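For reference, the structure discussed in these notes is given below.
The values are calculated or read from the model by the stated rules, or taken from the named source; none is laboratory data. Small disclaimer: the values here were computed from a predicted structure and weren't measured. We place every Cβ from the backbone using ideal geometry, glycine too, and count neighbours over all the protein chains shown.
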C-alpha cells in the first residue's frame with residue numbers, strides 16, 4: 001500500500017509503505033475514507049521537532065473496517081467508523097473516569113495519511129455509524145476525530161456554561177472548532193482572537209460574536225474592555241506557545257477557567273501569578289472518545305458543520321502539497337482523499 | 001492601645017500603637033475577642049520576606065463591634081463578628097462571582113494582633129452571629145476566618161466530592177483544616193501527608209483515613225499505591241513550596257484536581273508536564289467570605305471543631321512567645337487573648 005512518509009524537514013513523500021495488518025487480537029485495519037494534515041504535523045515538517053529517521057505521518061482518520069482482530073466485537077468489516085488520535089481500551093480506570101486519552105494502554109496514532117490504517121485498541125477506540133454516511137459528511141466526521149474533539153475539550157476544560165463569556169485564543173482549525181464548541185455549550189458571548197480575515201469570517205460563521213485582532217497585552221486589554229473590566233469566564237487556549245498561554249491566563253476573570261489544548265512548547269506558569277489570578281487551569285490531549293457518540297450525532301444531524309475548516313481538498317497522493325499549503329498558510333487545513 | 005509590631009526578623013514586640021479608628025464611612029472598629037499567629041506570619045519573622053521598616057502584624061480576628069462608619073448598616077456595636085483576612089465590598093463583579101478575595105476594593109488585613117482592629121469594607125466583610133457565642137467557641141470561629149476558610153477553599157478548588165479520594169499535602173493548621181473540609185464535603189478516603197506525630201493524631205481525629213509520612217516521589221508512590229495506581233481525585237496543597245507543589249501534582253490522577261492554597265514561593269509549573277498529566281489546577285487566597293455563613297453555622301452547631309488546631313494559648317501581650325513557639329515547631333498554632 002502507499003502512504004505519507006517524512007524523510008526530513010520539508011520532505012514528505014507519498015510512497016510504498018508496509019501494509020497495515022492485524023498485529024494483536026485487539027487491532028482492526030480500516031480502509032481510509034478521508035484523512036488530513038494537522039497543524040501539529042507542521043512541527044516536524046518545519047524542523048521544530050527533529051526527524052531522526054524516515055517515518056509515516058498522520059493521526060486523523062475515518063474509514064471502513066477492513067478486518068478485525070479476534071478480540072474485537074464492537075465493530076465489523078464494512079462499517080464506517082470514527083476514532084481518535086489517541087487509542088484507548090475504554091475499560092481502564094482512567095477511561096472510566098472519562099480521560100480515555102490517558103488510557104493505561106494508550107497508543108497514539110501516527111500512520112494515518114495512508115490508504116489503510118492499523119487501529120490498536122480497536123474495541124475501545126472505534127465508533128461505527130449506523131449507516132454509511134453521505135460522503136459530504138465525511139469531512140465533518142473526520143474533524144470530530146481530532147480538531148472538533150479537541151476544541152470541545154478546550155470548552156469543557158474551560159467550563160463553558162450557558163450564558164457565559166468565552167475567549168478563544170488561536171484561529172487554526174482547533175481554535176475555529178473551539179468556537180463551535182463554545183456556541184454549542186451555550187456561551188452567550190464568544191470572542192475569537194484572530195488576525196486573518198478568512199479565519200475571522202469562519203469564526204463568525206461558527207458563532208463568534210466578537211473578533212479581537214490585537215495580540216499580547218493589547219489583546220488582553222480589548223478582552224477586558226468587552227467583559228466588564230474583569231475578564232472572561234472561560235478562555236480556550238488553542239496554540240501552545242508561551243505568549244498564547246500568557247494571553248489566555250490574563251484574559252480570564254478571577255474564578256474563571258483556562259482550558260489549554262495546544263501542546264505547550266517551552267511554557268512555564270508562574271505559581272504566584274496563577275495563585276493571585278484565581279484562574280483555574282486544565283489541559284491535555286483531548287479525551288475525544290468521551291465525546292464521540294455525541295459529536296458524531298451533531299454532525300450527522302447537521303447541527304454543526306466542522307468540515308468547513310477544510311479549505312483545501314487534495315488526492316491523498318498529493319499529501320506533500322497539503323503540507324506545503326498549510327506551512328505557507330495558504331490553507332487552514334488540507335483534506336486528503338485516497 | 002497596644003499591639004504586635006515586627007521590627008526585624010525574630011523581633012516581635014507588644015507595644016503602644018496608633019489607636020484603631022474609623023477612617024472611611026465603610027470602616028468598622030472591633031474590640032478583639034481572640035486573635036492568633038499564622039504560619040504565613042513566620043515568613044517575615046524568619047526573614048524570608050524582608051522587613052523594611054517596623055509594622056504591625058496579624059490578619060486573623062473575631063471580636064465585638066465597637067464603632068461603625070456612616071455607611072455600615074449590616075452590623076452594629078456590641079455584636080460578635082467574624083471576618084476574613086481579605087476584606088471585600090461583597091458587591092463588585094468578582095464578589096458576585098464568589099471570589100471576594102479578588103474584590104475590586106480588596107484590602108488585606110495586617111494589624112489584627114492588637115486590642116482593637118479597624119476593618120475596611122466592613123459592610124461586605126463582617127458577619128455577625130445571632131447571639132454572643134460561648135467563649136469556648138471563639139477559637140473555632142477564629143479558625144473560620146482564616147485557616148478553616150482556607151482549608152475549605154482547598155477542598156472546593158480541588159473539587160472534593162462525596163465518595164472521592166483526597167490527599168492533603170501539608171500538616172500545618174491549614175492542612176489540618178483541609179482534612180476537616182474534605183471530610184465534610186464527603187471524601188471517603190482522606191490521605192494526610194505528615195511526618196509529625198501530634199499532627200498525624202489531629203489529622204486522624206479530623207477525619208483522615210490514612211497517614212503518609214514519606215515525602216517527594218516516595219510519598220507519591222505511597223499515594224499511588226493507595227489509589228489503584230492512578231492517583232487521587234483531589235489533592236489539597238497547603239504548603240506553597242516547589243517540592244510540595246510537585247508532590248501534589250504527581251499525586252493527582254489524570255482528570256483529578258489540585259487546589260493550592262499555600263502562597264507559592266519560587267514555584268514554576270511546567271506547561272507540558274501539566275498538559276500530559278490531565279490535572280486541573282486552581283488556587284489563590286481563599287474567598288472566605290463566600291463560606292462564612294455556612295462555616296460559622298457548622299462551628300456553632302458543633303459539627304466541626306477547627307479550634308483544636310490551637311495547641312497553645314497565650315495572653316495577647318505574650319505574642320512574641322507565640323511566634324517563637326511556632327517558629328520552633330513547639331506549637332501548631334498560637335491563640336492570643338487580649
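Given the options B:194, B:164, name the one that is closer than 15 Å to residue B:234 by Cβ and assigned by TED's automatic domain parsing to the domain that holds residue B:224.
Values: B:194 fails: closer than 15 Å to residue B:234 by Cβ.
Going through B:194, B:164 in turn, just one is closer than 15 Å to residue B:234 by Cβ and assigned by TED's automatic domain parsing to the domain that holds residue B:224: B:164.
When the residues of the stretch B:102-116 are filtered to those that are buried (at least 24 other Cβ atoms within 10 Å of the Cβ) and over 18 Å from residue B:89 (Cβ atoms), which remaining residue is farthest from the other protein chains (Cβ to nearest Cβ)? Step through it out loud before you land on a result.
Residues of the stretch B:102-116 buried (at least 24 other Cβ atoms within 10 Å of the Cβ): B:102-103, B:112-114.
In the following step, the residues that additionally are over 18 Å from residue B:89 (Cβ atoms) were identified as B:112-114.
Numbers: B:112: 21, B:113: 24, B:114: 26 Å.
Of everything passing the filter in the stretch B:102-116, B:114 is farthest from the other protein chains (Cβ to nearest Cβ).
Determine which single condition residue A:187 fails, assuming it passes every other condition in (1) within 14 Å of chain B (Cβ to nearest Cβ); (2) touching a residue at least 24 places away in the same chain (Cβ under 8 Å).
(1)
Which of the residues spanning the stretch B:91-101 are touching a residue at least 12 places away in the same chain (Cβ under 8 Å) and surrounded by fewer than 18 Cβ atoms within 10 Å (Cβ to Cβ)?
If we filter the stretch B:91-101 for residues that are touching a residue at least 12 places away in the same chain (Cβ under 8 Å), which is where we start, we get B:91-92, B:95, B:98-101.
B:91, B:98, listed by residue number.
Would the stretch B:312-331 turn up any residue that is farther than 26 Å from residue B:197 by Cα and either under 15 Å from the mean Cα position of the chain (by Cα) or assigned to a loop (DSSP other than H, G, I, E, B) (or both)?
Of all residues in the stretch B:312-331, those farther than 26 Å from residue B:197 by Cα come to B:315-318.
Those left that are additionally either under 15 Å from the mean Cα position of the chain (by Cα) or assigned to a loop (DSSP other than H, G, I, E, B) (or both): none.
No, the stretch B:312-331 contains no residue that is farther than 26 Å from residue B:197 by Cα and either under 15 Å from the mean Cα position of the chain (by Cα) or assigned to a loop (DSSP other than H, G, I, E, B) (or both).
Of the conditions (1) surrounded by fewer than 19 Cβ atoms within 10 Å (Cβ to Cβ); (2) touching a strand residue (DSSP E or B) at 6+ places or on another chain (Cβ under 8 Å); (3) farther than 23 Å from residue B:35 by Cβ, residue B:78 clears all except one; give me its number.
(3)
Please work out if residue A:86 is closer than 30 Å to residue A:176 by Cβ, within 14 Å of chain B (Cβ to nearest Cβ), buried (at least 23 other Cβ atoms within 10 Å of the Cβ) and in contact with a strand residue (DSSP E or B) (Cβ under 9 Å, 6 or more places away or on another chain). Working first, answer last.
Numbers: closer than 30 Å to residue A:176 by Cβ: yes; within 14 Å of chain B (Cβ to nearest Cβ): yes; buried (at least 23 other Cβ atoms within 10 Å of the Cβ): yes; in contact with a strand residue (DSSP E or B) (Cβ under 9 Å, 6 or more places away or on another chain): yes.
Yes, satisfied.
Mind counting the residues in the stretch B:11-53 that are assigned to a loop (DSSP other than H, G, I, E, B) and more than 23 Å from residue B:147 (Cα to Cα)? It would help to see each step written out before you state the result.
Restricting attention to the stretch B:11-53, the residues satisfying the condition of being assigned to a loop (DSSP other than H, G, I, E, B) are B:17-27, B:37-38, B:46-53.
Filter once more, keeping what is more than 23 Å from residue B:147 (Cα to Cα): B:17-27, B:50-53.
Qualifying residue count for the region: 15.
Looking at the stretch B:62-84, is at least one residue out of contact with any helix residue (DSSP H, G or I) (no Cβ under 8 Å at 6 or more places or on another chain) and part of a helix (DSSP H, G or I)?
No.
Only one residue in B:258, B:263, B:319 is modelled with pLDDT of 95 or more and within 25 Å of residue B:182 (Cα to Cα), so which one is that?
Only one candidate passes the filter, namely B:258.
Within the stretch B:286-308, identify whether any single residue is in contact with a strand residue (DSSP E or B) (Cβ under 6 Å, 6 or more places away or on another chain), modelled with pLDDT of 95 or more and assigned to a loop (DSSP other than H, G, I, E, B), and answer yes or no.
No, the stretch B:286-308 contains no residue that is in contact with a strand residue (DSSP E or B) (Cβ under 6 Å, 6 or more places away or on another chain), modelled with pLDDT of 95 or more and assigned to a loop (DSSP other than H, G, I, E, B).
Looking at residue B:136 and the list (1) closer than 16 Å to residue B:38 by Cβ; (2) away from chain A (no Cβ under 14 Å); (3) assigned to a helix (DSSP H, G or I), which single condition is not satisfied?
Only one criterion is unmet by residue B:136, namely (1).
Quick check: is even one residue across the stretch A:272-279 at the interface with another protein chain (Cβ under 8 Å from one of its Cβ atoms) and in a loop (DSSP other than H, G, I, E, B)?
So the first thing to find is which residues in the stretch A:272-279 are at the interface with another protein chain (Cβ under 8 Å from one of its Cβ atoms), and the list is A:272, A:274-279.
Then keep just the ones that are in a loop (DSSP other than H, G, I, E, B); that gives A:278-279.
Yes, the stretch A:272-279 contains at least one residue that is at the interface with another protein chain (Cβ under 8 Å from one of its Cβ atoms) and in a loop (DSSP other than H, G, I, E, B).
Can you find even one residue in the stretch A:142-158 that is more than 12 Å from every other protein chain (Cβ to nearest Cβ) and either outside any helix (DSSP H, G or I) or more than 26 Å from residue A:264 (Cα to Cα) (or both)?
Checked the stretch A:142-158: no residue is more than 12 Å from every other protein chain (Cβ to nearest Cβ) and either outside any helix (DSSP H, G or I) or more than 26 Å from residue A:264 (Cα to Cα) (or both).
Condition test on residue B:253, is it within 23 Å of residue A:288 (Cα to Cα), in contact with a strand residue (DSSP E or B) (Cβ under 7 Å, 6 or more places away or on another chain) and modelled with pLDDT of 95 or more?
Yes: the conditions hold for residue B:253.
Search the stretch A:117-130 for residues being touching a strand residue (DSSP E or B) at 6+ places or on another chain (Cβ under 6 Å) and assigned to a loop (DSSP other than H, G, I, E, B), and hand back the single one that is farthest from the other protein chains (Cβ to nearest Cβ). It would help to see each step written out before you state the result.
At the first step, the residues of the stretch A:117-130 found to be touching a strand residue (DSSP E or B) at 6+ places or on another chain (Cβ under 6 Å) are A:117-122, A:125-129.
When the remaining residues are screened for being assigned to a loop (DSSP other than H, G, I, E, B), the result is A:120-121, A:126, A:129.
Numbers: A:120: 19, A:121: 16, A:126: 22, A:129: 28 Å.
Looking at the filtered set, the residue picked out is A:129.
Hey, could you check the stretch B:240-261 for residues that are within 17 Å of the chain's Cα centre (by Cα) and at the interface with another protein chain (Cβ under 9 Å from one of its Cβ atoms) and say which is farthest from residue A:95 (Cα to Cα)?
Residue satisfying both the conditions and the ranking: B:240.
Counting only residues that are touching a strand residue (DSSP E or B) at 6+ places or on another chain (Cβ under 8 Å) and without any contact (Cβ under 8 Å) to a residue 40 or more places away in the chain, how many does the stretch A:5-46 have?
Step one: list which residues in the stretch A:5-46 are touching a strand residue (DSSP E or B) at 6+ places or on another chain (Cβ under 8 Å), which gives A:5-7, A:12-17, A:19-23, A:27-37, A:44-45.
Remaining after also requiring without any contact (Cβ under 8 Å) to a residue 40 or more places away in the chain: A:15-16, A:44.
Qualifying residue count, the stretch A:5-46: 3.
Here is a list of conditions, (1) closer than 25 Å to residue A:45 by Cβ; (2) in contact (Cβ under 8 Å) with a residue 40 or more places away in the chain; (3) touching a strand residue (DSSP E or B) at 6+ places or on another chain (Cβ under 8 Å); (4) not assigned by TED's automatic domain parsing to the domain that holds residue A:101, and residue A:265 meets all of them except one; can you say which number that is?
(3)
How many of the residues in the stretch A:48-75 are touching a strand residue (DSSP E or B) at 6+ places or on another chain (Cβ under 8 Å) and within 24 Å of residue A:325 (Cα to Cα)?
Taking the stretch A:48-75 and keeping what is touching a strand residue (DSSP E or B) at 6+ places or on another chain (Cβ under 8 Å), we get A:51, A:54-69, A:72, A:74-75.
Filter again for within 24 Å of residue A:325 (Cα to Cα), leaving A:51, A:54-62.
Count: 10.
I want to confirm something. Restricting to the stretch A:206-237 and keeping residues that are more than 13 Å from chain B (Cβ to nearest Cβ) and within 20 Å of the chain's Cα centre (by Cα), which single residue is surrounded by the most Cβ atoms within 10 Å (Cβ to Cβ)? Break it down into steps so the answer makes sense when it comes.
So the first thing to find is which residues in the stretch A:206-237 are more than 13 Å from chain B (Cβ to nearest Cβ), and the list is A:206-223, A:225-226, A:235-236.
The next check asks that each one be within 20 Å of the chain's Cα centre (by Cα); those that pass are A:206-208, A:235-236.
Working: A:206: 26, A:207: 17, A:208: 27, A:235: 32, A:236: 37.
Selected residue: A:236.
Output the number of the condition that residue B:302 fails; it satisfies all remaining conditions of (1) more than 10 Å from chain A (Cβ to nearest Cβ); (2) touching a helix residue (DSSP H, G or I) at 6+ places or on another chain (Cβ under 8 Å).
Tallying (1) more than 10 Å from chain A (Cβ to nearest Cβ); (2) touching a helix residue (DSSP H, G or I) at 6+ places or on another chain (Cβ under 8 Å), residue B:302 fails exactly one: (2).
Can you tell me which of A:222, A:282, A:246 is over 25 Å from residue B:264 (Cα atoms) and modelled with pLDDT of 95 or more?
Details: A:282 fails: over 25 Å from residue B:264 (Cα atoms); A:246 fails: over 25 Å from residue B:264 (Cα atoms).
It is A:222.
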